[in-house]
Amino acid sequence: MQLTATTRNALTKSSARNRSGRPEARPEARPEARRDADDMAVAAFVLGLVGLLVMNILLGPTAVVLAGISLWRGTARRGRALLGLALGIADLAVLAVLVTANGTVVWGFGG
């Protein structure tokens, strides 16, 4: 079966590709993906902030992953995603200091 020029043009228009060669996302799916990325940026910020106080061994890496995914998806809340990334890294730094100094992953106020 041979494709005519008109059919070939219709096929290439329906499967438009971006610079990297991957198919373009459908325009109607894009706002929902951006909203998901915005939600992930906020979640990364909150988890990174809470992770400084409790459960930094779990919340730090989670904040880093969520921030990275939201930045990769093109979030409108770029600053919040970057703060979530920084706080997640800070969580891991606090964890490393605790393990090095005390030999434990728990810290608290008081004696």
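The values are calculated or read from the model by the stated rules, or taken from the named source; none is laboratory data. Remember, predicted model here, so these are calculated numbers, not experimental data. Remember, those area values only see protein heavy atoms, side chains included, never the ligands or the DNA or RNA. Shrake-Rupley method; radii C 1.70, N 1.55, O 1.52, S 1.80 Å.
What does the extension gain come out to for VAL65 and ASP36, with contour length at 0.36 nm per residue minus their alpha carbon separation?
Additional length available on full extension: 9.0 nm.
Could you order ARG35, ARG77 so the one with the most accessible surface comes first? Probe is 1.4 Å.
Result of the area sort, largest leading: ARG35, ARG77.
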